[in-house]
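For reference, the structure discussed in these notes is given below.
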Amino acid sequence: MMEERADTVIVSKCMEFRIKPTMEQKVLIWKTFGCCRFVWNHLLDERISYEKMNKGKLLNTTPAHLKKDNPFLSEVDSMALINTQLNLNQSCSLLFAKGKAPRFRAKEKDKRSYTTNWINSNIEIIRIKDDENNIKLPKLGRARIILHRSIPDGWRMKNATIKETASGKFFISLTFDVEIEPKGNIKKFDRIEAFDYSMPSLVVSATGENDITADDIHWYRNLEKRIAKEQRKLSRMKHGSANYWQEKHRIGKLHEKARNRRKDFLHKLSRKVSDSFDAVVVEDINLQHMSQSLNFGKAVYDNGYGMLRNMLLYKLNEQGKVLVKVDRFFPSSKRCSVCHEVNHDLQLSDREWICKSCGTHHYRDRNATKNLLDEGKDILNRWASGDSSLILAPSGVLSEKKLHPQARYNVRQDGE
Ligand SMILES: [Zn+2]
């Protein structure tokens with residue numbers, strides 16, 4: 001029942017802009033990267049020794065005590081250091097529990113970014129002329145910003161991440177709290193699409209109209225091959241030589257190109273799908289867990305399918321539409337989408353199969369998305385008739401409130 005949704009919901013939005021800092025500002029940004037790394041490594045060291053002495057207890061110190069002996073830390077944005085500490089807290093509580101520890105950061109491999117928070121207008125866009133704008137930042141002062149899009153009225157800034165790309169460009173990504181009014185008038189979900197992850201075609205849709213095929217991303221594969229080739233070249237070069245750094249720079253640029261093209265491609269696909277469907281169904285799999293095997297490309301370690309899902313979610317939500325998450329214990333691959341007989345003999349390597357019960361020939365992934373689509377429709381119908389075992393999150397995700405996989409799907413614990 002869409003009427004039951006709150007009048008407004010707050011969602012996070014992000015916008016990224018190029019900034020052009022002066023040499024002086026660049027130096028301070030680099031210093032900040034270094035200080036964040038310093039804080040990370042020192043606090044991590046303290047925590048690891050503390051954890052060893054007091055098993056299972058977490059030490060929670062702030063960067064403040066480091067400043068006494070290391071006055072250079074006071075030269076940079078203090079929020080950047082606090083955010084580093086908060087990130088470290090999160091990593092420690094996640095990893096210590098598993099008997100692991102976060103990694104120390106090495107200068108060469110370190111991510112070149114830091115995050116600062118918006119407090120009392122300390123970050124502000126200042127208009128100089130029509131196409132000339134500055135952004136005021138803590139410690140840095142005013143830097144030139146290229147506003148290729150205007151920031152809508154009413155967006156409340158939360159934080160800003162300043163980063164340097166491998167090719168030496170600077171960007172700032174601004175996060176905002178945005179209050180949106182879900183249109184909420186969509187009660188009938190006539191047009192529904194389902195997606196599933198697939199190899200090698202990457203993404204398969206139930207309708208077949210929104211698949212991502214190997215053809216669609218051949219450019220990406222080509223770039224990957226080039227990156228791998230340059231990487232091999234790099235490995236033969238003398239570490240730290242002029243040629244080495246030049247080569248490293250070249251590789252950084254290729255990675256950047258690959259990322260941008262992929263993002264652009266996924267934006268277009270998610271826009272097309274969110275505009276032409278009322279709801280999209282996906283499986284509620286743990287993407288982080290699977291990210292190793294779910295790479296959009298192998299060389300570039302990030303996850304295109306996860307990115308697509310996120311883009312779909314916020315683009316659907318903007319229009320008061322929903323993303324339906326089907327319980328991961330739902331036997332989407334093993335069930336025949338025609339007669340619903342479950343094929344327990346189906347192996348992961350079986351890309352095609354024939355249903356013993358009704359004789360239908362299935363392509364594994366397409367069959368799975370058809371099942372997801374059916375299950376998603378069922379969930380939407382239950383939702384429309386007021387089923388209280390479902391919950392619609394403000395983000396626009398519709399899912400089961402509690403997961404009772406065995407009871408609901410009557411499958412073994414090993415599920416799929
Ligand atoms: Zn069948």
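The values are calculated or read from the model by the stated rules, or taken from the named source; none is laboratory data. Keep in mind that what you see is a predicted model, and the values were worked out from it rather than measured. A quick note on method: Cβ atoms are made from the backbone with ideal geometry, for glycine too, and the neighbour counts reach across all protein chains shown.
Taking the conditions (1) in contact with a Ser or Thr (Cβ under 9 Å, 6 or more places away or on another chain); (2) assigned to a loop (DSSP other than H, G, I, E, B); (3) in the same structural domain as ARG364 (by TED's automatic domain parsing) in turn, ASP196 satisfies each one other than (2). Among the residues making up the range 173-193, those that are under 27 Å from TYR305 (Cβ atoms), in a loop (DSSP other than H, G, I, E, B) and at pLDDT 65 or above are PHE189, ASP190, ARG191. Looking across PHE170, PHE195, PHE176, one residue alone is over 30 Å from ARG364 (Cβ atoms) and under 20 Å from the mean Cα position of the chain (by Cα). It is PHE176. Reported count of residues in the range 217-232, each being of a type in the set (D, E, K, R) and surrounded by 13 or more Cβ atoms within 10 Å (Cβ to Cβ), is 4. Set side by side, the residues ILE126, ILE162, ILE119 differ, and just one is in a loop (DSSP other than H, G, I, E, B), more than 30 Å from ARG366 (Cα to Cα) and β-branched (Val, Ile, Thr), which is ILE119. For the range 257-275, how many residues are among the charged types (D, E, K, R) and under 19 Å from THR165 (Cβ atoms)? Going through the range 257-275 one residue at a time, the tally reaches 6.
Go through the range 328-347 residue by residue and tally those that are part of a loop (DSSP other than H, G, I, E, B) and either crowded, with 18+ Cβ neighbours inside 10 Å or among the hydrophobic types (A, V, I, L, M, F, W, C) (or both). Residues that pass the stated criteria total 12.
A quick yes/no check of all residues on (1) surrounded by 14 or more Cβ atoms within 10 Å (Cβ to Cβ); (2) part of a helix (DSSP H, G or I):
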site	(1), (2)
PHE38	yes, yes
ASN41	yes, yes
ARG47	yes, yes
TYR50	yes, yes
LYS55	no, no
LEU66	yes, yes
SER74	no, yes
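Inspect the range 18-31 for any residue being closer than 19 Å to ARG112 by Cβ, touching a strand residue (DSSP E or B) at 6+ places or on another chain (Cβ under 7 Å), surrounded by fewer than 18 Cβ atoms within 10 Å (Cβ to Cβ) and not aromatic (Phe, Trp, Tyr) and give the result as yes or no. Scanning the range 18-31, I find at least one residue that is closer than 19 Å to ARG112 by Cβ, touching a strand residue (DSSP E or B) at 6+ places or on another chain (Cβ under 7 Å), surrounded by fewer than 18 Cβ atoms within 10 Å (Cβ to Cβ) and not aromatic (Phe, Trp, Tyr), so the answer is yes.
Looking only at residues in the range 355-386 that are assigned to a strand (DSSP E or B) and surrounded by 12 or more Cβ atoms within 10 Å (Cβ to Cβ), the one that is nearest to the ligand (Cβ to nearest atom) is HIS362. Applying the criterion of at least 3 residues that are among the hydroxyl-bearing types (Ser, Thr, Tyr) and at pLDDT 85 or above to the helices (runs of 4 or more DSSP H) found wholly in the range 220-324 leaves 242-276. Of everything listed in (1) farther than 15 Å from LYS20 by Cβ; (2) more than 24 Å from the chain's Cα centre (by Cα); (3) exposed (fewer than 15 other Cβ atoms within 10 Å of the Cβ), the single unmet condition for LYS111 is (2). Among the residues of the range 340-349, those that are closer than 18 Å to LEU372 by Cβ and more than 10 Å from the ligand (Cβ to nearest atom) comprise LEU346, LEU348.
Okay, residues lined up against (1) assigned by TED's automatic domain parsing to the domain that holds ILE29; (2) in contact with a Gly (Cβ under 9 Å, 6 or more places away or on another chain); (3) of a type in the set (Gly, Ala, Ser); (4) in contact (Cβ under 8 Å) with a residue 60 or more places away in the chain:
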{"position": "GLN90", "(1), (2), (3), (4)": "yes, no, no, no"}
{"position": "ALA101", "(1), (2), (3), (4)": "yes, no, yes, no"}
{"position": "ARG105", "(1), (2), (3), (4)": "yes, no, no, yes"}
{"position": "ASP131", "(1), (2), (3), (4)": "no, no, no, no"}
{"position": "GLY141", "(1), (2), (3), (4)": "no, no, yes, yes"}
{"position": "ILE146", "(1), (2), (3), (4)": "no, no, no, yes"}
{"position": "ARG149", "(1), (2), (3), (4)": "no, no, no, yes"}
{"position": "LYS158", "(1), (2), (3), (4)": "no, no, no, yes"}
{"position": "THR161", "(1), (2), (3), (4)": "no, no, no, no"}
